[in-house]
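Please read the structure below before turning to the comments.
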Amino acid sequence: QVQLAESGGGLVQPGGSLRLSCTVSENTLNIYAMDWYRQAPGNQRELVATITSGGDTSYADPVEGRFTISRDNAKNSVDLQMSSLKPEDTAVYYCCARTVILDYWGQGTQVTVSS
């Protein structure tokens, strides 16, 4: 079973940067895409960014140009570099590994953007 662990969240001032990391416990051969989602209080979970096994990336409009998703195959990890952070980016961020059979989720990491 695939297990995911997010890290790198915290408190940052508006305009600042954070880098989130998601480490995957198992061999990633069956994972065809990895996503970062976020969920703010009172809101539904929303897709932030995706990277496929082929390296293609896509982003939600609110983060386009500010966030970058990348993968490190040697470390079995997927990172989310977040820049020019805004208070509305405050949320719990989750990574998701998609396989043909199941989607696997991490436990989430809190990102708070506040002065």
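The values are calculated or read from the model by the stated rules, or taken from the named source; none is laboratory data. Quick caveat: nothing in here was measured; it's all calculated off a predicted structure. Ideal geometry is used to build each Cβ from the backbone, glycine not excepted, and the neighbour counts take in all protein chains shown. Calculation scope for accessible area: heavy atoms of the full protein, side chains included, ligands and nucleic acids excluded. Shrake-Rupley method; radii C 1.70, N 1.55, O 1.52, S 1.80 Å.
If you take the residues of segment 70-90 that are assigned to a strand (DSSP E or B) and within 19 Å of residue 10 (Cβ to Cβ), which of them is modelled with the lowest pLDDT?
Keep residues of segment 70-90 that are assigned to a strand (DSSP E or B), which gives 70-72, 77-82.
Going one step further and asking which of them are within 19 Å of residue 10 (Cβ to Cβ), we end up with 77-82.
On the way: 77: 89, 78: 95, 79: 96, 80: 98, 81: 98, 82: 98.
Taking the candidates together, the pick is 77.
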- Message: Among the residues of segment 51-72, are any over 20 Å from residue 108 (Cβ atoms) and hydrophobic (A, V, I, L, M, F, W, C)?
- Response: no
- Query: Which one is farthest from residue 86 (Cα to Cα), of the residues in segment 1-16 that are crowded, with 16+ Cβ neighbours inside 10 Å and among the hydrophobic types (A, V, I, L, M, F, W, C)?
  - Reply: 2
- Task: Please enumerate the residues belonging to segment 60-97 that are open to solvent by less than 70 Å² (accessible area, probe 1.4 Å) and farther than 18 Å from residue 21 by Cβ.
- Result: 60, 84, 90
- Message: Going by what's in this entry, would residue 19 be described as part of a strand (DSSP E or B), among the charged types (D, E, K, R) and open to solvent by 40 Å² or more (accessible area, probe 1.4 Å)?
- Response: yes
- Which number in (1) modelled with pLDDT of 95 or more; (2) open to solvent by less than 60 Å² (accessible area, probe 1.4 Å); (3) among the hydroxyl-bearing types (Ser, Thr, Tyr) marks the one condition that residue 104 misses? (1)
- Task: Please go through segment 22-55 and pick out each residue that is of a type in the set (Phe, Trp, Tyr) and either exposed (fewer than 14 other Cβ atoms within 10 Å of the Cβ) or in a loop (DSSP other than H, G, I, E, B) (or both).
- Result: 32
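Would you confirm whether any residue within segment 51-72 is touching a Gly at 6+ places or on another chain (Cβ under 7 Å), more than 17 Å from residue 7 (Cα to Cα) and not aliphatic (A, V, I, L, M)? Full working, then the answer.
Applying the first criterion (touching a Gly at 6+ places or on another chain (Cβ under 7 Å)) to segment 51-72 yields none.
No, because not a single residue in segment 51-72 is touching a Gly at 6+ places or on another chain (Cβ under 7 Å), more than 17 Å from residue 7 (Cα to Cα) and not aliphatic (A, V, I, L, M).
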